[in-house]
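Enquirer: Sharing a structure with you now.
The values are calculated or read from the model by the stated rules, or taken from the named source; none is laboratory data. Quantities reported herein were computed from a predicted structural model and do not represent experimental measurements. Glycine gets a Cβ as well: all are built from the backbone with ideal geometry, and neighbour counts include every protein chain shown.
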Amino acid sequence: MQISPFFHNLRSAYRAELDDMRSDSEGLNILNQRLAERRGELNFLVSMIELSPEMVTVVLHKAFRFTSAVAMQQLLSQEPEDLPEWDDLAPSLEIAPWAAPLIKTLRKQAAGDWFLCVAAALEYMESQPQHAHDSHASDDDDSDEDESADDDNADRSDKHLSADDADDGDGRTREEAGADWMAEQGFDRKE
């Protein structure tokens, strides 16, 4: 399948946006909570549909079920100015009932139909095993999400250790070093 440079670049940005939303500072998977918050901000976000479609597309994460791979693959080969009309693409997918009001709001925007085609393409790539980022495979199952997040964190800790992640020269852990630094800045120690 051929993916246009437009969608190739947006796919990376969309994955990064989902990854940013996936976990909190404690590493807990809070994607569903953050998606709900973002959906509540749609009236503000519509102003960004042309400038940063990947930031708005997350409101439609898991909103589509694709019924025509041929139509979606053809869509992915297009540049932004060549995208089909939403009414032509819509028969190639099914929309989750919860997403219908969001789509109605988006279609009221000048570039709304264009954006919906972009969103469908990004979601299609995320839904396909050959395109999806490995850590996104279990978004539908909450228990799998937590396990996947733990596995992802374990993978990251194994692969990306830095000097800050390991014990420093005199055996102090990163937490102890952080507490020392905070004390040096004038904060009280937590004990």
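Enquirer: Restricting to the range 47-69, give me the number of residues that are surrounded by fewer than 19 Cβ atoms within 10 Å (Cβ to Cβ) and either of a type in the set (Ser, Thr, Tyr) or in contact (Cβ under 8 Å) with a residue 12 or more places away in the chain (or both).
Expert: We begin by selecting, within the range 47-69, every residue surrounded by fewer than 19 Cβ atoms within 10 Å (Cβ to Cβ); these are 47-48, 50-52, 55, 62, 65-69.
Adding the requirement that they be either of a type in the set (Ser, Thr, Tyr) or in contact (Cβ under 8 Å) with a residue 12 or more places away in the chain (or both) leaves 47, 50, 52, 55, 62, 65-68.
Qualifying residue count for the region: 9.
Enquirer: Right, another one. Looking only at the range 76-98, count how many residues are part of a helix (DSSP H, G or I) and touching a residue at least 60 places away in the same chain (Cβ under 8 Å). Steps first, please.
Expert: Of the range 76-98, the ones part of a helix (DSSP H, G or I) are 76, 80-82, 86-92, 97-98.
Imposing the further condition that a residue be touching a residue at least 60 places away in the same chain (Cβ under 8 Å) reduces the set to 76, 80.
Qualifying residue count, the range 76-98: 2.
Enquirer: Condition test on Gln73, is it surrounded by fewer than 18 Cβ atoms within 10 Å (Cβ to Cβ) and in contact (Cβ under 8 Å) with a residue 40 or more places away in the chain? Walk me through it before giving the result.
Expert: Details: surrounded by fewer than 18 Cβ atoms within 10 Å (Cβ to Cβ): yes; in contact (Cβ under 8 Å) with a residue 40 or more places away in the chain: yes.
Yes: the conditions hold for Gln73.
Enquirer: Just for the range 77-127: of the residues that are over 18 Å from Ser52 (Cβ atoms) and aromatic (Phe, Trp, Tyr), which one is surrounded by the fewest Cβ atoms within 10 Å (Cβ to Cβ)?
Expert: Trp98
Enquirer: Residue by residue through the range 1-44, note down the ones that are surrounded by 14 or more Cβ atoms within 10 Å (Cβ to Cβ), in a helix (DSSP H, G or I) and over 15 Å from the mean Cα position of the chain (by Cα).
Expert: Listed by number, the residues that qualify are Phe6, Leu42.
Enquirer: Can you go through Leu75, Leu106, Leu102 and tell me which one is at pLDDT 95 or above and in contact with a Phe, Trp or Tyr (Cβ under 7 Å, 6 or more places away or on another chain)?
Expert: Details: Leu75 fails: in contact with a Phe, Trp or Tyr (Cβ under 7 Å, 6 or more places away or on another chain); Leu102 fails: in contact with a Phe, Trp or Tyr (Cβ under 7 Å, 6 or more places away or on another chain).
Going through Leu75, Leu106, Leu102 in turn, just one is at pLDDT 95 or above and in contact with a Phe, Trp or Tyr (Cβ under 7 Å, 6 or more places away or on another chain): Leu106.
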